[in-house]
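Following: one structure in structure tokens, then a few remarks.
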Amino acid sequence: MGDAVPLFFRKRKPQPKATDQDFWKDARNVPRGTGVPLPTGPKRARFDIPEDYDASDEYGEEFDVEEQSTPTLPRPKHPRVFVVANQKGGVGKTTTTVNVAMGLALGGLNVLVIDNDPQSNASTALGIEHPVGTPGTYETLVEGDPIMAHAQQSPHSPNLHVLPATIDLAAAEMELAVMQGREARLKHALEQYLEQSGADYVFIDCPPSLGMLTLNALVASTEILVPIQTEYYALEGVTALLGTIDRVKGNLNDRLELTNILLTMYDKRTNLSKDVAAEVRSHFKKQTLATEIPRSVRIAEAPSFGQTVLTYQPRSEGAVAYASVAEEIANQVETKE
Ligand SMILES: Nc1ncnc2c1ncn2[C@@H]1O[C@H](COP(=O)(O)OP(=O)(O)OP(=O)(O)O)[C@@H](O)[C@H]1O
Ligand SMILES: [Mg+2]
């Protein structure tokens, strides 16, 4: 028999224990929107890359910050203000806000994103530092500060500004409830900003609820962009949203129109996605955008690098889809003076 030890008696090599440090190494484990200082990599801006390194193979074409002064997309005659709303959670509101905004900014237009959600995911995805105490949407809504005072330029495009949010904004929901002119506070701040700034587009990212924050956004906007996830229950909640829109239109903001519906997380392999997409298109023939956003890992991982997918992986399917949505939206306008 010899000295051979039967396999199941052999001592196992001790496995190194996972430490907290290993946990944080995995980008998927990094929680978003918590005010944690953002990781800075991977570097996408050209000045961050060593001279002899050609990043285009790995990441796609670099976008050139200076070249963006000539717009490649049509400039609207009047600023367009979009509220991105759907009280159903996790349907792609924030992802749509940041990527469409970045698409328009890369097309040379001036864009403001208002992060109107205490989760502050839009601020994170646009690379805006927003530790607790950062002034932003809360100060504008509750204290009446001008947007111009707190809007920050995105590190990825000189044309894109962001009014950041922090968890403090959660308190605004209650504080606004007892204030004078509570529904129109964002509207007044935005009117002043549009006069001062020359912005072409404003996108307001909303929380998944129909409270005071969303109401302020609906009153401040002229157009609604509704992302709908191509999954079962997709239209759940849209009926409630339509009811709210009607009430706001009748009372507080006559100019509000549901102009765009975007199908998100589309999985072309499943019949479910196809069926839901067809149903949404038949209900909202005019409003549904032709481009569908595919379900994509690149889209989901971009925010953990403080980026939109357009700057993080510009050649990926998701980036191309969002760029084409930005183009579709931009082409809806008349541009002649
Ligand atoms: N096309 C996509 N493919 C894959 N993952 C996606 C896609 N769009 C969004 N996601 C992921 O799905 C999750 C929800 O998306 P997102 O945060 O944009 O939704 P939301 O409607 O803003 O959510 P909330 O209601 O909480 O504000 C996120 O983790 C996001 O990265
Ligand atoms: Mg969101």
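The values are calculated or read from the model by the stated rules, or taken from the named source; none is laboratory data. Because the structure is a prediction, the values reported are computed rather than measured. Virtual Cβ from ideal backbone geometry, glycine too; neighbours counted across all protein chains shown.
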Completion exercise
The condition from (1) modelled with pLDDT under 95; (2) surrounded by fewer than 19 Cβ atoms within 10 Å (Cβ to Cβ) that LEU241 misses is numbered (2)
Completion exercise
Those residues of segment 77-105 which are aliphatic (A, V, I, L, M), within 23 Å of ASN159 (Cβ to Cβ), within 14 Å of ligand 1 (Cβ to nearest atom) and touching a strand residue (DSSP E or B) at 6+ places or on another chain (Cβ under 6 Å) amount to VAL83, VAL84, ALA101
Practice task
State whether the residues of segment 176-188 include one that is in contact with a helix residue (DSSP H, G or I) (Cβ under 9 Å, 6 or more places away or on another chain), in a helix (DSSP H, G or I), more than 27 Å from LEU242 (Cβ to Cβ) and not basic (Lys, Arg).
Solution key: no
Practice task
Would you mind finding the one in ALA319, ALA323 that is within 16 Å of the chain's Cα centre (by Cα), more than 16 Å from ligand 2 (Cβ to nearest atom) and surrounded by 24 or more Cβ atoms within 10 Å (Cβ to Cβ)?
Solution key: ALA319
Completion exercise
When restricted to ALA165, ALA199, the only residue closer than 30 Å to GLY108 by Cβ, within 16 Å of ligand 1 (Cβ to nearest atom) and in a loop (DSSP other than H, G, I, E, B) is ALA165
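Looking at segment 265-272, can you tell me whether even one residue there is within 16 Å of ligand 1 (Cβ to nearest atom), among the aromatic types (Phe, Trp, Tyr) and closer than 14 Å to ASN116 by Cα? Walk me through it before giving the result.
Our first condition is that a residue be within 16 Å of ligand 1 (Cβ to nearest atom); within segment 265-272, this holds for 265-270, 272.
Applying the additional criterion that residues be among the aromatic types (Phe, Trp, Tyr) yields 266.
Pick out the ones that are also closer than 14 Å to ASN116 by Cα and you get none.
Checked segment 265-272: no residue is within 16 Å of ligand 1 (Cβ to nearest atom), among the aromatic types (Phe, Trp, Tyr) and closer than 14 Å to ASN116 by Cα.
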Practice task
Please enumerate the residues belonging to segment 107-126 that are modelled with pLDDT of 95 or more, closer than 19 Å to TYR312 by Cβ and surrounded by fewer than 24 Cβ atoms within 10 Å (Cβ to Cβ).
Solution key: ASN121
Exercise for the section: Tell me, yes or no, whether segment 133-145 has at least one residue that is part of a strand (DSSP E or B) and at pLDDT 95 or above. Expected result: no
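On the basis of being more than 18 Å from PRO227 (Cα to Cα), in contact (Cβ under 8 Å) with a residue 24 or more places away in the chain, among the polar types (S, T, N, Q) and outside any loop (DSSP other than H, G, I, E, B), does THR311 make the cut? Working first, answer last.
Values: more than 18 Å from PRO227 (Cα to Cα): yes; in contact (Cβ under 8 Å) with a residue 24 or more places away in the chain: yes; among the polar types (S, T, N, Q): yes; outside any loop (DSSP other than H, G, I, E, B): yes.
It is true that THR311 is more than 18 Å from PRO227 (Cα to Cα), in contact (Cβ under 8 Å) with a residue 24 or more places away in the chain, among the polar types (S, T, N, Q) and outside any loop (DSSP other than H, G, I, E, B).
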Exercise for the section: Return the residue satisfying two criteria in turn: it lies in segment 293-307 and is buried (at least 19 other Cβ atoms within 10 Å of the Cβ) and hydrophobic (A, V, I, L, M, F, W, C), and of such residues it is nearest to ILE128 (Cα to Cα). Expected result: PHE305
